[in-house]
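Please treat every number below as a calculation from the coordinates, not as lab data. As the structure is a prediction and not an experimental result, all values here were calculated from the model. Counting neighbours? That spans all protein chains shown, and the Cβs are built from the backbone with ideal geometry, glycine included.
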Amino acid sequence: MDFREYVESHREEIHSTIMEYLPLKEPKDYARIVREYSERQGKYVRPGLLMLCGEMFGAKPKDLLLPAAAMQLSEDWILMHDDVEDDSELRRGKPALHKLYGMEHAINAGDAVHISMWRMLIDYSRKNGMAKGSRVFDKFYEILYRTTEGQYLDIKFTRDIRQIGKANEKMYYDIVNKKTSCYSVYGPMQIGATVAGCSEKVTGALEEVGGSAGTAFQIIDDVLDLTATEKAFGKRRYGDLYEGKLTLVMLETYKRATRAERIKVDRIYKEERNEKTKADIDFLAYLVDKYSGAHFASLAALKYGEKAQVALKKNMNLFPDNEYRDVFISAVTALFVRKK
């Protein structure tokens, strides 16, 4: 079994648990808005990593289900808010929530889902004891707070700085570590290990592995924004360019561009999303192609993927030799060997 098969084997029970906390009650039109993203589901990578690591270290699936469902629910409410902040057009292959119902309803629905996530964690504590529940709760808090720090840095660039020329790789990697590596990869792994009662040595090893794998994942995500079809990617192509995101692709492109091209890039990045024309986006895409920005970013992703593999080998003695370890290795590999 590989990681994708593992995720699918738990998808229905995770989704059913989420729906129990988002009941279709009156007013039903409001309930439908609240449930919209959860019903669309997603790739379930985060809850999958959480359950997989938990089982690898000896936790039972029934003890992992509520934290896994809460992890997925966190993605759903964060995306509702992110899509408003970025004015995204598509989410999971369909119109973003605020495009369907308006910003106010989308923000309010995100709040409702957020509240439901914390209720899940309180219920977990009631079922498993406050000592264990507090450790899981504290890890959730740590991960989600770091995620908001990453979002702050992301917004600071897209709303305040808005010039590739005033950014650098350190800024990019700070955002990636907080928003992707921590939240999407090693954080869920650590929660699963925490449910299983693992030591800080183990959670530290998971951060070492997942930190590099998550960085590779995000760089590849940046590349796919330019190269993948909307159907495969589930989001609008060139979404990062329209939203004025800081990506390694654009940093690498800007580094090689002429002075005149850099001035034009910064001018486009200064524009609001609705002010950017197709010609503006085509120019940015042309520069990326001209200076092989996606290629150089892909090389960086490969480097971080190799670092993740080295970290795996280094810490292999901490990972139990059971049926889940090979799935765990396939999960880490799948993060930086992906086409969508």
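A 25 angstrom limit on the alpha carbon distance is what I want to check against. Which of Lys156/Lys307; Lys28/Lys94; Lys179/Lys270; Lys245/Lys278; Lys178/Lys307; Lys62/Lys179 exceed it? Walk me through the intermediate numbers first.
On the way: Lys156/Lys307 29 Å; Lys28/Lys94 21 Å; Lys179/Lys270 23 Å; Lys245/Lys278 17 Å; Lys178/Lys307 18 Å; Lys62/Lys179 28 Å.
Flagged as over cut-off: Lys156/Lys307; Lys62/Lys179.
Write down the Kirkwood hydrodynamic radius of segment 101-144, to one decimal in angstroms, obtained as one divided by the mean of 1/r over all alpha carbon pairs. Mind dumping the intermediate values first?
Working: mean 1/r = 0.0868 Å⁻¹.
This gives a value of 11.5 Å.
To two decimal places, what compactness ratio does the chain give when its Cα radius of gyration is scaled by 2.2 N^0.38 Å? Write out the running numbers ahead of the final one.
Details: Rg = 20.1 Å, N = 340, 2.2 N^0.38 = 20.2 Å.
For the chain, the normalised Cα radius of gyration is 1.00.
If the convex hull of the alpha-carbon atoms of segment 131-236 is projected onto planes in all directions, what is the mean projected area in square nanometres?
Mean orientational projected area (segment 131-236, Cα hull): 8.0 nm².
Using the Cα centre of segment 51-194 as the reference point, and only Cβ charges (+1 on K/R, -1 on D/E), how large is the resulting charge dipole? Debye, rounded to the nearest 20. All intermediate terms of the calculation are to be shown ahead of the outcome.
On the way: 20 positive and 20 negative charges, 90 e Å.
I would put it at about 440 debye.
Taking the Cα centre of segment 10-325 as the origin and placing charges on Cβ (Lys, Arg +1; Asp, Glu -1), which of His114, His81, Tyr186 is farthest toward the positive end of the dipole?
Of the candidates, Tyr186 comes out farthest on the positive side.
About the Cα centre of segment 245-340, what is the dipole size in debye to 20, counting +1 per Lys and Arg Cβ and -1 per Asp and Glu Cβ, all else neutral? Please list the in-between numbers first.
Working: 20 positive and 13 negative charges, 57 e Å.
That gives a dipole near 280 debye.
Determine the relative contact order of the chain: mean sequence separation of Cα pairs under 8 Å and six or more apart, normalised by residue count, in whole percent. Working shown, then result.
Numbers: 476 pairs, mean separation 74.3, N = 340.
With pairs under 8 Å counted, the relative contact order is 22 percent.
Only helices at least 18 Å long along their own axis, judged from Cα atoms, and with Kyte-Doolittle mean hydropathy of -1.0 or greater: name those in the chain from DSSP H.
Working: long enough: 3-21 (26 Å, -1.05); 61-86 (36 Å, -0.12); 103-128 (38 Å, -0.32); 130-155 (36 Å, -0.43); 200-227 (39 Å, 0.30); 293-314 (32 Å, 0.02); 323-336 (22 Å, 0.83).
Passing helices, by number: 61-86, 103-128, 130-155, 200-227, 293-314, 323-336.
Name the residue farthest towards the positive end of the dipole of the chain from the options Phe217, Tyr101, Tyr124, assuming +1 on Cβ of Lys and Arg, -1 on Cβ of Asp and Glu, about the Cα centre.
Going by the Cα projections, it comes out as Phe217.
Any idea what the dipole of the chain comes to, in debye rounded to 20, about its Cα centre with Lys/Arg Cβ at +1 and Asp/Glu Cβ at -1?
500
Whose amide H sits under 5 Å from the amide H of Arg91, counting only residues 5 or more places off or on another chain, with H placed in the peptide plane?
Ala96
Could you list the GluC sites (Glu not before Pro) in segment 183-287 that lie in coil according to DSSP, counting only those with at most 14 other Cβ atoms within 10 Å of their Cβ?
Glu271, Glu272
Take the alpha carbon atoms of segment 131-183, find their radius of gyration, then divide it by 2.2 N^0.38 Å using N residues; give the quotient. Don't skip to the answer; put the middle values down first.
Numbers: Rg = 13.9 Å, N = 53, 2.2 N^0.38 = 9.9 Å.
Computed over Cα atoms of segment 131-183, the ratio equals 1.40.
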